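The values are calculated or read from the model by the stated rules, or taken from the named source; none is laboratory data. None of these values were measured; they are calculated from a predicted model. Using ideal geometry, Cβ is built from the backbone for each residue, glycine included, and neighbour counts are taken over all protein chains shown.
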Amino acid sequence: MSAIETVGVIGAGQMGSGIAHVCALSGITVHMCDVSEDRLKAAVATIEKNLARQVSRGKVAEADAKAAVARIHISTEYAPFNACDFVVEAATENEKIKLEIFKKLVPFLNPTAMVASNTSSISITRLAASTDRPGRFIGMHFMNPVPVMQLVELIRGIATEEDTFQSVRQLAVRLGKTTAVSEDFPAFIVNRILVPMINEAVYTLYEGVGNVEAIDTALKLGANHPMGPLELADFIGLDTCLAIMQVLHDGLADSKYRPCPLLVKYVEAGWLGRKSGRGFYDYRGEKPVPTR
């Protein structure tokens, strides 16, 4: 197996900062890149805050938290990725954007570097084919929030080599994660099951079967879910939920994956959930209030 000691992270959003957090805490040097320096600084501030929370709960020693922050290097340029053994892309769930990122990334990589996408639904084989190293490309799908959630889905593209797979699986173990191996089908395992459930909850709302509060209460108390499906959709981001449903609908050509028109309408309105302040709940007051 190829040793992974230096990791590059493309994207300083919720997923990218979470990946940087767990890698740095595991003793790995991290180079995190984004188009905006402000986003990078905000990501480091978030990591520091989350590490401080872990220290206060006795899960991480204060010295380890400080050492982890010191291992994170930020840049708006791709040049630092030349030093990386492994680079994971954690940009928005949009294939066009991801392909553009890989096009820019490849010239900066050393010949043996491995690449992963944190995509939650897009074909790993197709993304890999856009690079100069499909054999050293893999899907590594972390769950949100990364420092808390234990699962990592590993997805081999058709060309992914065994050494790449084993090296990345070993990395996941080093990060304290449990892996589930998925075939390269649209949305893999978790989102193939989870997001259609969310879409069905939106249909239930759209058709007037129940309001937001009734639907979420029913699933929390009736199915023992820790979070209702509409609350969860807001947490994930309604634009991400819609993108995954579109990948499922296009990739599997089955009408059961048709995105609910109400989900489309919310996204068109810019009501994307927690990150925009409004989704199926309005988060602009002291506590979330259902919008329907």
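(1) at positive phi; (2) crowded, with 18+ Cβ neighbours inside 10 Å: which one isn't true of residue 156, the others all being true?
For residue 156, the failing item is (1).
Return the residues of the stretch 16-27 that are touching a Lys or Arg at 6+ places or on another chain (Cβ under 7 Å) and among the hydrophobic types (A, V, I, L, M, F, W, C); say none if nothing qualifies.
24
Consider residue 208 against the criteria (1) under 18 Å from the mean Cα position of the chain (by Cα); (2) on the phi > 0 side of the Ramachandran plot: it satisfies all of them except one. Which criterion is unmet?
Every listed condition holds for residue 208 apart from (1).
How many residues are in contact with a Phe, Trp or Tyr (Cβ under 6 Å, 6 or more places away or on another chain), of a type in the set (D, E, K, R) and more than 22 Å from residue 232 (Cβ to Cβ) if we restrict to the stretch 105-155?
Number of matching residues: 0.
Yes/no per residue for (1) under 16 Å from the mean Cα position of the chain (by Cα); (2) surrounded by 17 or more Cβ atoms within 10 Å (Cβ to Cβ):
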{"position": "9", "(1), (2)": "yes, yes"}
{"position": "16", "(1), (2)": "yes, yes"}
{"position": "19", "(1), (2)": "yes, yes"}
{"position": "29", "(1), (2)": "no, yes"}
{"position": "41", "(1), (2)": "no, no"}
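For residue 236, only one of the following conditions fails: (1) modelled with pLDDT under 95; (2) of a type in the set (A, V, I, L, M); (3) touching a Pro at 6+ places or on another chain (Cβ under 7 Å). What is its number?
(3)
Which pairs have Cβ atoms under 7 Å, sit 6 or more apart or on different chains, and link a residue in the stretch 29-56 that is hydroxyl-bearing (Ser, Thr, Tyr) to one that is part of a helix (DSSP H, G or I) and surrounded by 13 or more Cβ atoms within 10 Å (Cβ to Cβ)?
That search, which allows pairs on different chains as well, returns 46/17.
Criterion first (touching a residue at least 60 places away in the same chain (Cβ under 8 Å), among the aromatic types (Phe, Trp, Tyr) and within 17 Å of residue 191 (Cβ to Cβ)) does residue 281 satisfy it?
In short, no.
Pick out, from the stretch 112-184, the strands (runs of 3 or more DSSP E) lying fully within it that include 3 or more residues that are under 29 Å from residue 59 (Cβ atoms) and of a type in the set (Val, Ile, Thr).
178-182
I'd like the residue in the stretch 57-92 that is of a type in the set (Lys, Arg) and either part of a strand (DSSP E or B) or without any contact (Cβ under 8 Å) to a residue 40 or more places away in the chain (or both) and, out of all such residues, is farthest from residue 140 (Cα to Cα).
57
For the stretch 227-237, state whether one or more residues are loosely packed, with under 14 Cβ neighbours inside 10 Å and touching a residue at least 40 places away in the same chain (Cβ under 8 Å).
no
Considering only the stretch 210-274, give the helices (runs of 4 or more DSSP H) lying wholly within it that have at least 3 residues that are outside the structural domain of residue 144 (by TED's automatic domain parsing) and among the small types (Gly, Ala, Ser).
The qualifying helices (runs of 4 or more DSSP H) are 212-222.
For the stretch 66-96, which residues satisfy the criterion of being surrounded by 13 or more Cβ atoms within 10 Å (Cβ to Cβ) and closer than 20 Å to residue 120 by Cα?
86, 87, 88, 89, 90, 91, 92, 93, 94, 95
Based on what the data block shows, is residue 107 modelled with pLDDT under 95 and in the same structural domain as residue 14 (by TED's automatic domain parsing)?
no
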